[in-house]
Amino acid sequence: MGPGRTSRRSGAVAAFDDGSGLGEVVDEAGDRWPFHCTAVADGSRTIAAGTAVAFTLVPGRAGRWEAADLRPA
């Protein structure tokens, strides 16, 4: 079983590349979760590294979990 989609997690954006639209969030437990720019909830498709966020986890491509619905915390 993977992590539950409905549970919100807290963390911070560890890295984000505007060119590729790919980033990574680190949650409070230290787990790292990839995300795509379309996961930024405000529709801006960009977010600064170091931004504190709340997010959910969803099944992504290739069977791995990804961060989604990223919102500033």
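Within segment 44-62, can one find any residue that is surrounded by 14 or more Cβ atoms within 10 Å (Cβ to Cβ), of a type in the set (S, T, N, Q) and in contact (Cβ under 8 Å) with a residue 40 or more places away in the chain? Scanning segment 44-62, I find at least one residue that is surrounded by 14 or more Cβ atoms within 10 Å (Cβ to Cβ), of a type in the set (S, T, N, Q) and in contact (Cβ under 8 Å) with a residue 40 or more places away in the chain, so the answer is yes. Checking each residue of segment 2-18 against the condition of being surrounded by 14 or more Cβ atoms within 10 Å (Cβ to Cβ), more than 16 Å from Ala73 (Cα to Cα) and touching a residue at least 40 places away in the same chain (Cβ under 8 Å) gives at least one match. Inspection of segment 33-40 finds no residue satisfying the criterion of being surrounded by 15 or more Cβ atoms within 10 Å (Cβ to Cβ), in contact with a Pro (Cβ under 8 Å, 6 or more places away or on another chain) and not β-branched (Val, Ile, Thr).
Where a number appears in this text, it was derived from the coordinates with a stated rule and is not lab data. In this text, all values refer to a predicted model and were calculated from it rather than measured experimentally. Cβ coordinates were reconstructed from backbone atoms using ideal geometry, including for glycine residues, and neighbour counts include every protein chain displayed.
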